[in-house]
Amino acid sequence: MGEKPLKILACGDVEGNINAVFNRVRTVQKKSGQFDLLLCVGNFFGSSPEAQAEWQEYKSGAKKAPIHTYILGAASQETTRFFPSADGCELADNITYLGRRGVFSGASGLQIAYVSGREGRLDPTPAHCFSPEDLHQLVEPLINNNQFRGVDILLTSQWPRGVWQYANSPEVNTKLCGTSSISQLAYKLKPRYHFAAVEGVHYERRPYRNHVVLQENTQHVSRFIALATVNNPEKRKYLYAFNIIPMKSMESSELVKQPQDVTENPYRKMVGENTLSDPTVQEPASQFFFDLGKKQRGGGRGQGGRGRKRPSDGDGQNQGQPWDPDRQSQRPPFDLDGPKQPRRPPQPSGPCWFCLASPQVEKHLVISIGTHCYLALAKGSLTPQHVLVLPIGHYQSVVELSSEVVKELDRYKMAVRTFYKSKGQRCVLFERNYHSQHLQIQAVPVPEDKCTTEDIKEAFMLQAQDQNMQLMEIPEYTDLEQIAPPGTPYFYVELDSGEKLFYRIQRNFPLQFGREVLASESVLNIPERADWRGCKQTPEEEESLSKQLRDDFQPYDFALED
């Protein structure tokens, strides 16, 4: 028989509303039975006379907390007087101050790591703040243990910076919220549950994984929950109930189970790279666009299709200048949302047929042009609406793109999906990062009445098996960069269901593999069009097809509106 789970309550900023939170706990326990612990993050005490009077009733013993309650230290200067020292101690019957930082281990084996207060930026560190040394002393003894797999619970007052990456967005100003030191703490301690507060909102992030898919052994997932302030007028959630079996008592197979909505780790990139010395790559200093008709952005009749320069973001200021860290604002080294400094992407070693500013690009095939990406009719297309989504700058694969380019690439993919769906077609996207120097996302429509998504998936799988290739399905929220670091040759497919297929190319990969699968009898049933070189058209035919596709795609073209 398995171990009985612990029943735990977590609470956001109490701010002196002690009676209110304990009354709420009593109501919950009356309905759901006795809980083992109440964990409070953020500011427990309030500075108003009413709040102080409430606390005095508990401190004197006139009132008693209905549950074992553990609280963090002061998160504001005004409330430091309620804590006699930096060390943990009992403040009242059933109310315990955990301390400045440390690990609380209960008799059940439950391991709770905690750090009180806010990040300190002054020396000496104020009483309501933590220092880098505090975090170091908390982390090192844990991660230096060979048996360490993570902690059950992490309690902090502040949010980790960037926790919303790959996930649902919180109702906070993400430019100001959180600190990177808490992100690093969460990344290293791998908590199964991480609770924080002080932002006044409730936010429950999708669970995220603590391992790299296909590269590391599967580990447990982490859940981040931010809780609102007690008695907040917006009725936002401030009390969270959950059951947990201590990690040390769980079978590994149970511990590492992955929920369906698990995402990539939001902290891996910021911990793994120093963005101050290696700023995020962005677009080249200038780009080109062409007259695609009277409604295309900036393009009017009479341009004759000739390219003209459009300045990149920032109206050309400081373009082409080397990045100088001394000119940057004083922001945390892992500021995910602060302004990034532009740097030119890698330049092609020779003529490139897909760089939009290149003389070799066949401009009559272009359907739409955004700020960082563009859409073009595929040369020798499988179907009349087979298109390519490409970056304007010279990048070899998706994993080398900057965040701004990825964001617009995803907008184009979504627009193409919507366009195909309006025509009763499924959208199949694939990329081959092998024997190619410029990224091309192939988007191919498959009529819904031809076959199901499962049929398309099976066609890819079977054809891969026939050629002794192991095409693997990867989780929906997986970041491709974690599976295929820059320079890794790969083949990648996205189906309209959100399912993703991946193959790490070894050698002798068939260059037409994606086309061959989609052209096969089980999908489009046009095997004679598997090789694009056998589907060439005259420039006049291509121009006519492009114009028709440009007109059809216009209602879905966000570049016309931006």
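The values are calculated or read from the model by the stated rules, or taken from the named source; none is laboratory data. Keep in mind that this is a model prediction, so the values were computed, not measured. Here Cβ is always computed from backbone atoms with ideal geometry, including for glycine, and neighbour counts include all displayed protein chains. The area values use the complete protein model at the heavy-atom level, side chains included, leaving out ligands, DNA and RNA. Shrake-Rupley method; radii C 1.70, N 1.55, O 1.52, S 1.80 Å.
When 364, 435 are checked against the criterion of being in contact with a Pro (Cβ under 9 Å, 6 or more places away or on another chain), farther than 26 Å from residue 516 by Cβ, in contact (Cβ under 8 Å) with a residue 12 or more places away in the chain and not hydrophobic (A, V, I, L, M, F, W, C), a single residue qualifies: 364. Note on segment 481-497: residues that are surrounded by fewer than 19 Cβ atoms within 10 Å (Cβ to Cβ), farther than 16 Å from residue 460 by Cβ and either in contact with a strand residue (DSSP E or B) (Cβ under 7 Å, 6 or more places away or on another chain) or among the small types (Gly, Ala, Ser) (or both) total 3. Residue-level analysis places residue 404 outside the set of residues that are touching a strand residue (DSSP E or B) at 6+ places or on another chain (Cβ under 7 Å) and either of a type in the set (Asp, Glu) or modelled with pLDDT under 85 (or both). Taken as a whole, the condition of being open to solvent by 40 Å² or more (accessible area, probe 1.4 Å) and either in contact with an Asp or Glu (Cβ under 6 Å, 6 or more places away or on another chain) or at pLDDT below 95 (or both) does not apply to residue 394.
A residue that is open to solvent by less than 10 Å² (accessible area, probe 1.4 Å) and not in a helix (DSSP H, G or I) occurs nowhere in segment 405-423. Among the residues of segment 101-152, the one identified as of a type in the set (Ser, Thr, Tyr), more than 24 Å from residue 7 (Cβ to Cβ) and open to solvent by 30 Å² or more (accessible area, probe 1.4 Å) is 125.
Name the residues in segment 463-475 that are free of Cβ contacts under 8 Å to residues at least 40 places away in the same chain and open to solvent by 60 Å² or more (accessible area, probe 1.4 Å), would you? Within segment 463-475, 465, 466, 468, 470, 473 qualify. Quick check on residue 428: is it in contact with a Gly (Cβ under 9 Å, 6 or more places away or on another chain) and either open to solvent by less than 50 Å² (accessible area, probe 1.4 Å) or without any contact (Cβ under 8 Å) to a residue 40 or more places away in the chain (or both)? Judged against the criteria, residue 428 is a match. Which residue pairs have Cβ atoms closer than 6 Å, lie 6 or more positions apart in sequence or on different chains, and pair a first residue in segment 230-243 that is more than 12 Å from residue 35 (Cα to Cα) with a second residue that is among the polar types (S, T, N, Q) and assigned to a loop (DSSP other than H, G, I, E, B)? Going by the 6 Å Cβ cut-off, the qualifying pairs are 230/17; 231/17. Inspection of segment 161-176 finds a residue satisfying the criterion of being in a loop (DSSP other than H, G, I, E, B) and acidic (Asp, Glu). Here residue 195 fulfils each of the conditions (1) under 19 Å from residue 262 (Cα atoms); (2) open to solvent by less than 10 Å² (accessible area, probe 1.4 Å); (3) assigned to a loop (DSSP other than H, G, I, E, B) apart from (3).
Taking the criterion of being more than 25 Å from residue 504 (Cβ to Cβ), touching a residue at least 60 places away in the same chain (Cβ under 8 Å) and either in contact with a His (Cβ under 7 Å, 6 or more places away or on another chain) or assigned to a loop (DSSP other than H, G, I, E, B) (or both), the residues of segment 383-399 that qualify are 383, 384, 385, 392, 393.
Run down 179, 174 and say which single residue is open to solvent by 10 Å² or more (accessible area, probe 1.4 Å), of a type in the set (Ser, Thr, Tyr) and out of contact with any Leu (no Cβ under 6 Å at 6 or more places or on another chain). Residue meeting the stated conditions: 174. Can you name the residue in segment 498-524 that is outside any helix (DSSP H, G or I) and farther than 25 Å from residue 485 by Cα and, of all such residues, is most open to solvent (accessible area, probe 1.4 Å)? Among those that are outside any helix (DSSP H, G or I) and farther than 25 Å from residue 485 by Cα, it is 521.
Condition check ((1) modelled with pLDDT under 95; (2) in contact with a Lys or Arg (Cβ under 8 Å, 6 or more places away or on another chain); (3) open to solvent by less than 40 Å² (accessible area, probe 1.4 Å)) across all residues:
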residue	(1), (2), (3)
224	no, yes, yes
227	no, yes, yes
237	no, no, no
244	no, yes, yes
248	yes, no, no
254	yes, no, no
260	yes, no, no
263	yes, yes, yes
